[in-house]
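One structure is given here, and the rest of the page talks about it.
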Amino acid sequence: MRSYGIIDYHISSSIWSGIKRHISNVTNNTCWQLGKGDQINFWTDSWVGDPLVDLLNIPRHSHALLQAKAAHFIVNDHWLIPHSITSIYPNLVPLLNSVTIPITKANDELRWIHSDSGVLSFKDAYLFHRPIGQHIPWAKIIWCEDIPPSKSCLMWRIMHNRLPTDDLLCHRGCYIVSKCDLCGKEAETIHHIFCDCSFSKAIWHWFASVISLRIDTSTVSSIFDICNKNWNSQCKIVVIAAVINIFTIIWWCRNQHRFEGKSIHWRSAINTIISNVSLSGNLSKKSSFVSMQEFVILKAFNVNVHHPNAPVIKEVWWHPPLYNWVKCNTDGSALGNPGIASCGGLFRDYTATFLGGFSINIGNSYALHAELIGVMNAIEVAHSKGWNYLWLESDSQLVNLAFKSSLIVPWKLRNRWFNCLELTKTMHFRVTHIYREGNCCADKMVALGINVDGFYWWDNVPPSVQGDYISNLMGLPSFRFH
Ligand SMILES: [Zn+2]
């Protein structure tokens, strides 16, 4: 490949022949970021999303004739499409309007669509080719820094049914008379040892009485359901450590009987479990406010409660701007990553009077995108209304960082972002950070964004913002605990 195109002559290269077959992956997963527009074929390259020939259903045989560059249709930073084209393709104009024409003309850049930076790194290539892994609910539970890896490893073998129990040995052709070492009554299977045996049942019964919950011992994995209850962090570690230790001790007792001839009573097994769990629980760095039920559990395993540090209470003030200035508080959020996203903001003058506000439904997007779109809209609105003394405030550190380095701005938003930076150069502009607790008005404007269609402008304070608005107007502080 050279100059973003594929060469049509032979070169001898050992690397090239290896990666040649992935060219289609690269071309199908890249998109142009518009610069001058002189590299981009207006019709056949992907730069609006999919190529325009696909979006407009242009027949394949005429593709070769379409040679116009994107630059041919840009005049004075606006799209200029001949009427003869728009009359045939009325959908073309809204498609083009979704692409921002940069004011400062850089070169066109080919971007990898699956990364925010647009750069195809080695990591991105790996993520693209990586097989989709399985989702195993217990995996995160058993691998944890407070549990010794040897125990986690044994647990992993149990969950995958990979312990040398009699039934598994028979299955592999090693015929033996099977007898459970723990109760001596039934044949040995993984399910019997850990779930059905009277020995393990006695231990599970004791554990259920300690945590005052019923334990579902119908299968090995169902036992882990109790770890997913709403425990505080330190207590959760204790419960997980207890479950894993019960499994490992049961296996240890079975081996002691089989290979050493020692039979261990379930009560002494419990004492070993308590001392092991006590070690995990006390050495854990996790801390929590514990309830009475959790306090009883921690005491049963001789674990000292790790109290969290006392919270520091901070007053957060919202300040109105100076005379002649307009202040805009913006915010953005997404319900998921990605998820339904919205952003919003409100403008106030030096007397803290409401000048207007906006709420925008962005659709499926990421939180950072929503924050940045909120900021860009604030700048564009302020510019269009002639508010040339603009103070922008957001509760996102990343937004403040984006003004210092545009590298964190996702490439899809970058053209619009640079255009906004150009607008701020024509204004008196400052940007600051405020804690979330002081940005409640903007936060409420964001919540309103979910129920609107696209961009919505408020001339008056929306009812749901009224309370926080008045509290800001009166100069009341908000409080931050951390
Ligand atoms: Zn048994």
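Every number in this text was worked out from the coordinates using simple rules, so none of it is lab data. Keep in mind it's a predicted model, so treat the numbers as computed, not measured. FYI the Cβ positions are ideal-geometry reconstructions off the backbone, even for glycines, and counts take in every protein chain you see.
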By how many degrees, between 0 and 90 and to the nearest 10, does the Cα long axis of helix 233-255 differ from the longest principal axis of the chain?
40 degrees
When you count, for each residue, the other Cβ atoms within 10 Å and take the mean per peptide, how do 319-326, 365-372 rank with the highest first?
365-372, 319-326
If you take the charge dipole of the stretch 262-346 about its Cα centre, with +1 on Lys and Arg Cβ and -1 on Asp and Glu Cβ, which of 278, 292, 328 is farthest toward its positive end?
278
Neighbour-count ranking [beta-carbon atoms within 10 angstrom, fewest first] of 155, 427:
427, 155
Using only the Cα atoms of the chain, build the gyration tensor, take square roots of its eigenvalues as a ≥ b ≥ c, and label the shape rounded, prolate or oblate: rounded if a/c is under 1.5, else prolate if a/b is larger than b/c, else oblate.
oblate
For the stretch 319-335 and the stretch 17-64, distance of Cα centres in Å
40 Å
Mind running the shape call on the stretch 191-237? Use the C-alpha gyration tensor, a ≥ b ≥ c as the square roots of the eigenvalues: rounded below 1.5 for a/c, prolate if a/b tops b/c, oblate otherwise.
prolate
Quick check on packing: order 435-441, 78-84 by the mean number of other C-beta atoms within 10 Å, highest mean leading.
435-441, 78-84
Using a cut-off of 14 Å between beta-carbons, work out the net charge of the residues near residue 213 (Lys and Arg +1, Asp and Glu -1, residue 213 not included).
0
Taking 20 °C and 1.002 mPa s as the conditions, I'd like the Stokes-Einstein D for the stretch 140-300 in µm²/s, using the Kirkwood hydrodynamic radius from alpha carbon pairs.
131 µm²/s
About its Cα centre, what dipole magnitude does the chain give when the only charges are +1 on Lys and Arg Cβ and -1 on Asp and Glu Cβ, stated in debye to the nearest 20?
1240 debye
Please give the charge dipole size of the stretch 315-481, origin at the Cα centre, charges +1 on K and R Cβ atoms and -1 on D and E Cβ atoms. Round to the nearest 20 debye.
420 debye
Would you please classify the overall shape of the stretch 315-481 from the alpha carbon gyration tensor, given that a ≥ b ≥ c denote the square roots of the eigenvalues, rounded means a/c under 1.5, and beyond that prolate means a/b larger than b/c while oblate covers the rest?
rounded
Determine the distance separating the Cα centre of the stretch 273-294 from the Cα centre of the stretch 162-192; give it in Å without decimals.
35 Å
